[in-house]
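Heads up, the thing below is written out as structure tokens.
The values are calculated or read from the model by the stated rules, or taken from the named source; none is laboratory data. A quick note: this is a predicted structure, and the numbers were derived from the prediction, not measured. Cβ sites come from the backbone with ideal geometry, for glycine too, and all protein chains shown count toward neighbours. We work out accessible area using only protein heavy atoms, side chains counted, and drop any ligands, DNA or RNA first. Shrake-Rupley method; radii C 1.70, N 1.55, O 1.52, S 1.80 Å.
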Amino acid sequence: MSDDIAVGIDLGTSYSAVATFIDGKPEVLTNEWGERTHASVVSFLEDGTVLVGNSAKRNIITNAENTVYSAKRLIGRFFFSDEVKKAQAVMPYRIVEGPNNAVRVQVGERVLAIPEVSALVLKEMKAIAETALGHEVRKAVVTCPAYFNDNQRQATKDAGRIAGLEILRIINEPTAAALAYGFGKDISQRICVYDLGGGTFDVSILEIGRDVFEVIATAGDTYLGGDDFDDRIMAWLADDFQAKHGVDLRQNKFCLQMLKEAGEKAKIDVGRDGQAVIKVEGICQTPEGQVLDLEQALGADQFNRMVMDLVQRTFKVCDEALQSARMTASDIDAVILVGAPTRLPIVRQSVRHYFQKDPMAGINPDEVVAQGAAIQASALQNRSAAAGGQTSYLLDVTPLTLRVGTAGGWAEPIIDKNTPIPIEKSKTFTTSRDGQDRVRIRVYQGESKKAEECEFLGEFEFSGFRVGYRGEVLIQVTFEIDSNGIVNVSATDNETGQKASTTINLSSGLTEADIKSASDKNAEVVLAGHPAS
Amino acid sequence: MDESFRIEVERLSGALDQLDYFAVLKIEAGAIPAEIRAAYHRESRIYHPDRYATVDDETFRGQVARIYRRINEAYTVLRDDARRRKYSADVAGPDRPRKLRFSEEDEAEVKGAAKRRTVEQMGQTPNGRRFFSAALADAQAGRWEAAERNLRMALTYEPGNERFKEQLALAEKNRPKQDFRIK
């Protein structure tokens, strides 16, 4: 039976959680310290072991250069993207360029791809589950933000494989939350999931009809999350400190980390108590050698003013999702809040105001995604489903329009956003020169007609078809988006029906060989705080 | 899972290219949106690939996946009013055998028609449309003077637009009469 255990993992920007399905309901698994959520922080220790979780988070300051956090903000991105540039400026660990514009993290002598870092978080989740369950765990459903593009999903899947897990499915975080909310309740409702995580924001609108969870529309912003709230407090603290003492705390990565920690704590305190007292002793030294303390008080009103525009941005995304679903806020029967930042009163009040409705109570915003993933993991393992039917069916959509590049730098739509998946669509291409023996197409995802404004997924090259005069050879290219939201492209020669061979160029993703070697390395890593297996 | 279902799946996956979208969702050609959604949910319960995730027979899973992709394709077209109108007309016409699947050209036609409609109704220039829609909102709220201003702005971008002129006449009629003569 051991291979029948499958867990659900919420792989978050700041925190991760793991759950499994026991006795008809999802259960979040705790580590030996009773902790239910675990910081997505990976700290490489001097003795060669790797520390992951809440204890690793404490190392961000003391072992800053060797501690990697918020890796999810970088996963599946190109080295030249703004997000990576921003991370380079603020992260204490080294971010370097890999082949094909990929992003790598350098820790001491080791260079790791971002999926390798995420794989260490997954390895920790796997270890926690194995300790809690007393069984080996080999299969998992892993969640990702609904608005993740193909590169990011593929990288998330790679992370799972590197961690030695068979990834049964990548499911969207808001969909997982909806599943956990509606599972076994026999309800028919239109719901809105408002998912504000550490680094990403998603909105999904679903129609639940008993056991069917149909996503009508989804929208998001992968550059907006609780971290941005911290940044606002940090900027305010730093500006104020500079005005008082003439020292810019942001110039030193060590001070910056202390500042970040203070900002995060202030946000939590002000959300819970309505005010925060910030005190960091000895945050820096003046050039004259005088040790300075950071002392400040932050009130709720002041905090709300600082972050109001961020909160407003979430409702632009809500507008977009409702418009795609052809609904208005009043059509929504229930609003579900997901992600720790939704505990902030400013967020709750704004949501109540926007939807004219109290958000659903009794849902744990930190755990609901992992619970939903566990339900789906169990459904995919259910051997009697084929005969008797399932207890839940997820009907999800693709969040971004899939496009192909055309001459002149344009990108033409193939599969629209919010199309139900799995789906396929074919398009016929032809050769433009006599005797041409290969056809190249570039695939993009995004909402702009200009290719450069969309996310580049890869270049596919087809060869092995008939050679003829230009325009004579017709190649039918099939674009498929699978249940994970991952794009597959294949081509056949229209006349002979022969499948053309495909090569993917310019992809920043990992090759099979990379994954294999990364997986071997991952297996050798000893996680600190767990008995070596 | 019984043998008759296996046979049904094999038959259906082989026959997909001869079926129109209504037949794929097992509904009447004139079905209304609520019926289409209900049918989509009903067929999803039967053919959702997750349900057969543990079935070892790979051919069977491939057939189910093929059917389900087509169900999603059918739903994508039929749930949208404009696409459904065009599709229904096409499959009822003489071109039926070629029109069973909604093609790129059909899609372009629907999108083109929608765009033409916006242009006809709202104006041909972005600025014209912007001022015209602002004017319509003003008129709706009874702010006729603001509506008149916006319409005059819209007309500077599209001096020949008849609809703009019509609305302007209406706004001029409704706005409060002012008397500038010095008494």
Phi-based couplings in Hz for region B:30-42 (Karplus 6.51, -1.76, 1.60; Gly and Pro marked x) = x, 4, 8, x, 5, 5, 5, 5, 4, 5, 4, 5, 4
Please give, to one decimal in nm, the separation of the simple spin-label points placed at B:GLU104 and A:ASP240, each 7 Å out from Cα toward the Cβ.
-> 5.9
Can you list the GluC sites (Glu not before Pro) in region A:91-160 that are in a DSSP coil and have 10 or fewer other beta carbons within 10 angstrom?
-> A:GLU109
Qualifying trypsin sites (Lys or Arg not before Pro) for region B:1-70 [loop in DSSP, other Cβ within 10 Å: at most 15] | B:LYS26
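Rg over Rh of region A:391-533, using C-alpha atoms and the Kirkwood radius, what does it come to?
Values: Rg = 19.1 Å, Rh = 17.4 Å.
Taking Rg over the Kirkwood Rh, I get 1.10.
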Between B:GLU3 and B:ASN127, how many nm apart are label points set 7 Å from Cα along the C-beta direction?
-> 7.6
Would you mind computing, in nm to one decimal, how far apart the modelled labels at A:ARG110 and A:TRP33 are, each placed 7 Å from Cα along Cα→Cβ?
-> 2.0
To the nearest whole number, what is the average tally of beta carbon atoms from other chains within 10 Å of the beta carbons of peptide A:205-211?
-> 2
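Listed here are the pairs A:LYS427/B:LYS111; A:LYS185/A:LYS417; A:LYS450/B:LYS115; which of them are more than 24 Å apart at the Cα?
On the way: A:LYS427/B:LYS111 17 Å; A:LYS185/A:LYS417 30 Å; A:LYS450/B:LYS115 19 Å.
Pairs exceeding the cut-off: A:LYS185/A:LYS417.
Do any trypsin sites (Lys or Arg not before Pro) in region A:202-265 lie in a DSSP loop with no more than 16 other beta carbon atoms within 10 Å, and if so, which?
Working: sites: A:ARG210, A:ARG232, A:LYS244, A:ARG250, A:LYS253, A:LYS260, A:LYS265; in loops: A:ARG210.
Sparse-neighbourhood loop trypsin sites (Lys or Arg not before Pro): A:ARG210.
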With the full set of protein chains in place, find how many percent of the accessible area of the protein assembly as shown is carbon and sulfur; take the probe as 1.4 Å.
-> 49
Work out Dmax and Rg for region A:333-399 from the C-alpha atoms and quote the Rg first, both in angstrom.
-> 15.9, 48
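Which entries of A:LYS449/B:LYS99; A:LYS123/A:LYS521; B:LYS26/B:LYS99; A:LYS123/A:LYS516; A:LYS25/A:LYS157; A:LYS86/A:LYS123 have Cα-Cα distances beyond 20 Å here? Intermediate results must be reported in sequence, preceding the final value.
Details: A:LYS449/B:LYS99 27 Å; A:LYS123/A:LYS521 12 Å; B:LYS26/B:LYS99 18 Å; A:LYS123/A:LYS516 16 Å; A:LYS25/A:LYS157 26 Å; A:LYS86/A:LYS123 28 Å.
Cα-Cα > 20 Å for A:LYS449/B:LYS99; A:LYS25/A:LYS157; A:LYS86/A:LYS123; rest within.
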Ranked output for segments A:448-460, B:90-102 by mean other Cβ atoms within 10 Å, highest leading, reads A:448-460, B:90-102
Between the Cα axis of helix A:345-355 and the main Cα principal axis of chain A, the angle (0 to 90°, nearest 10) is 40
Could you work out how far the C-alpha centroid of region A:305-366 sits from that of region A:376-392, in angstrom?
-> 32
Gained length - A:ASN252 relative to A:SER188, 0.36 nm times residue gap less alpha-carbon distance | 17.6 nm
Residues meeting the amide H criterion for A:ALA500 (H placed from the backbone, H to H distance under 5 Å, 5 or more places apart or on another chain) are A:ALA491, A:THR492, A:ASP493
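Please report the equivalent ellipsoid semi-axes of the protein assembly as shown, computed as sqrt(5 x eigenvalue) of the Cα gyration tensor, largest first, in whole Å.
Numbers: eigenvalues 361, 286, 142 Å².
Whole-Å semi-axes of the equivalent ellipsoid: 42, 38, 27.
Given a cut-off of under 8 Å on Cα pairs at least six residues apart, what relative contact order in percent is computed for chain A?
Details: 1182 pairs, mean separation 86.4, N = 533.
Taking the mean separation of contacting Cα pairs over the length of chain A, I get 16 percent.
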Could you give the angle, 0 to 90 degrees to the nearest 10, between helix B:162-174's Cα long axis and the longest principal axis of the Cα atoms of chain B?
-> 50
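Output the peptides A:300-310, A:233-243 sorted from most to least packed, where packing is the average of other Cβ atoms within 10 Å over each peptide's residues.
The densest-packed peptide leads the list: A:233-243, A:300-310.
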Relative contact order (%) - criterion: Cα under 8 Å, at least six apart; region: chain B = 15
Picking from A:VAL90, B:ALA29, A:LEU310, whose Cα lies most toward the positive end of the charge dipole for the protein assembly as shown (charges on Cβ: Lys, Arg +1; Asp, Glu -1)?
-> B:ALA29
Which part of region A:81-120 falls in the paramagnetic zone of A:ARG313, meaning amide N under 13 Å from the point 7 Å along Cα-to-beta-carbon?
-> A:83
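Grab the Cα-Cα distance for A:ARG210 and A:SER448, subtract it from 0.36 nm times how many residues apart they are, and report the gain in nm with one decimal.
On the way: separation 238, 0.36 × 238 = 85.68 nm, distance 3.67 nm.
Separation in residues times 0.36 nm, less the Cα-Cα distance, equals 82.0 nm.
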Crossing angle, helix A:150-162 versus chain A [Cα axis fit, 0-90 degrees, rounded to tens] = 80
Rounded to a whole number, what is D in µm²/s for region A:205-316 from Stokes-Einstein with the Kirkwood radius over alpha-carbon pairs (10 °C, 1.306 mPa s)?
-> 99
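Output the relative contact order of region B:82-177, whole-number percent, from Cα pairs under 8 angstrom with separation of 6+ residues.
About 21 percent, as a whole number.
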For chain B, report the accessible area per residue in Å² (1.4 Å probe, heavy atoms, rounded to an integer).
-> 57
